[in-house]
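Notes follow once the structure below has been shown.
The values are calculated or read from the model by the stated rules, or taken from the named source; none is laboratory data. From a predicted model like this one, the values you see are computed outputs, not experimental measurements. Don't worry about glycine lacking a Cβ; one is built from the backbone with ideal geometry, like all the others, and counts go over all protein chains shown. Protein only, heavy atoms only, side chains kept; ligands, DNA and RNA dropped before computing areas. Shrake-Rupley method; radii C 1.70, N 1.55, O 1.52, S 1.80 Å.
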Amino acid sequence: MKNPEEAIGKVLAGLRAAEASPGMERRILAAVEARASAPPAATPRWAWGVAMAGAAVASLFILFILTTAIHWHGHPSTQAQKHVLPAEPARDAQPATLLSRKPIEFIKAVAPRRTATRIRSEEAVLLSDLRAPSHPAPEAPLTNEEKLLLRVVHSGDPQLIAMLDPEERARQEAKSEAEFQKFVEQSSKEDHESDQITE
Amino acid sequence: MASIAGGSLVLFSMERAQAEVDLAALVERYSRLLFRVAHSVLRTRAEAEDVVQDVFVRVIERRRSLQGIRDMRVWLIRIAWNLALDRRRCIQPEQMDKNFAETLAASAVSAGERLEQAQRMSAVLREMERLPKTERHVLLLSAIEELGTAEMAEVLGRSESAVRALLFRARMRLRERLEAQGGKR
């Protein structure tokens, strides 16, 4: 392009000079007020019916869950079995009285059959996992830096590839820094001059 | 009882009237600026106008929380900016950029020259779209005369020095790319 700076300036000036079509404010006000004054959509009667039915079904489900839970917690006590152990002889007791004493009873809760079955099935799953043939771990994804490096290399842009050299990059950065300083100084100087003119 | 109801009705209508006055004032004051903000992204009048309308719909929707907004102008600009960016993703910007480039070409030249100018402007717009996002945003906002560096920084959520540096880099990168294109031809 012959003079890129001029072309950029022209595009930016075109964006700066963009003017709305006449009457935009009026049209916008009318549209916004129409939107604001529109009544909110009323909830249809059938929607209330559906909501009520849904609530009823949900409450029935909760009731069922609660009933099942209560029944389940009460179950182990009914399965408790009595085991009888022979009584331990007391040290200071007389032999005659020792024989006449009743044996001590204690209650041992037996785990429900269902739990045992579940444990067995979990063990089976664990064992099958253990015996399954092992595979190598999947390849780790590339890091962002590696991806960037690949992209730069594949782009084939000599300027970008040259920037991978630290010395070259330092030189370019120093150059751009100098240009930036110049730009800032120039723009601040222009601002100062324009302030003086307006004063 | 009836008098209380009547009083509250009057208060309600007064409040509503006040809100309407405020909205009219806001539209009057900011719509042109917001149009330019949206137009810098969308580059078509109709779409930009729709964005401005959407901004004021948001104002109406959030009218209860408007008191808490520190800087109304920046808030509105930010809404317009974000809405315009969203909208640009949904439309086909190439055609719009082409139309805008044609409007930029001078009318007092021959048809051939006019076509060449339009192509040059299209190339600038195309390269602008290829700039890194933050640089492109700063460059587009810099085109809006009413916006200073501080406001641009607030809209983009960056510091003023960062905005200045981004603007410099954007212009330099754009110039280099356009020069490279010219060299290839």
| Within a Cβ distance under 11 Å of A:Glu19, other residues only, what is the Lys/Arg minus Asp/Glu net charge? | +4
| remark: Normalised Cα Rg of the stretch B:114-177, dividing by 2.2 N^0.38 Å with N its residue count, works out at 1.20
| query | So which residue, out of B:Gln92, B:Gln117, B:Gln67, gets the largest mean-square fluctuation from a GNM of chain B using Cα contacts under 10 Å as springs? | reply | B:Gln67
| Between A and B, buried accessible area summed over both sides at probe 1.4 Å, in Å² to the nearest 100? | 3900
| the stretch B:44-101: projected area of the alpha-carbon convex hull, averaged over directions, in nm² | 4.4
| query | What angle, in degrees between 0 and 90 and rounded to the nearest 10, separates the Cα long axis of helix B:2-42 from the longest principal axis of the Cα atoms of chain B? | reply | 0
| note | If one builds a Gaussian network model of chain B from Cα atoms under 10 Å apart, the most fluctuating residue listed among B:Ile79, B:Ile60, B:Ile69 is B:Ile69
| note | Subtracting the Cα-Cα distance of B:Asp22 and B:Gln67 from 0.36 nm times their residue separation yields 15.0 nm
| note | To the nearest 10 degrees, the tilt of helix B:45-61 (Cα long axis) against the first principal axis of the alpha carbons of chain B is 30
| message | Please check the stretch B:118-141 for residues whose accessible area, probe 1.4 Å, is lower by 40 Å² or more when all protein chains are in place than in their chain alone. | response | B:Arg120, B:Met121, B:Val124
| message | Let me check I have the definition right: for chain B, take the eigenvalues of the Cα gyration tensor, multiply each by 5, take square roots. What are those semi-axes in whole Å, largest first? | response | 42, 20, 12
| Expressed as an acute angle from 0 to 90° and rounded to the nearest 10, what is the orientation of the C-alpha long axis of helix B:72-90 relative to the principal long axis of chain B? | 60
| message | Pairs of alpha-carbon atoms within less than 8 angstrom and 6+ residues apart define the contacts here; what relative contact order does the stretch B:32-185 have, in percent? | response | 23
| said: Helix-only mean residue ellipticity at 222 nm, chain B, DSSP H runs n ≥ 4 weighted -39,500 (n - 2.57), per residue, nearest 500. What is it? | reply: -28000 deg cm²/dmol
| For A:Lys147, which aspartates and glutamates qualify as cross-link partners when the Cα separation must be under 15 Å and same-chain residues fewer than eight apart are set aside? | A:Glu139
| task | For the stretch B:101-131, run through the trypsin sites (Lys or Arg not before Pro) and keep only the ones in DSSP coil with at most 14 other Cβ atoms within 10 Å of their Cβ. | result | B:Arg130
| remark: Sequence order, the stretch A:141-156: Karplus ³J(HN,Hα) from phi using 6.51 cos²θ - 1.76 cosθ + 1.60, θ = phi - 60°, Hz rounded, Gly and Pro as x, gives x, 6, 6, 4, 5, 5, 4, 4, 4, 4, 4, 5, 5, 6, 5, x
| message | If you roll a 1.4 angstrom probe over the protein chains with everything in place, what fraction of the accessible area of the stretch B:52-136 belongs to carbon and sulfur, to the nearest %? | response | 45
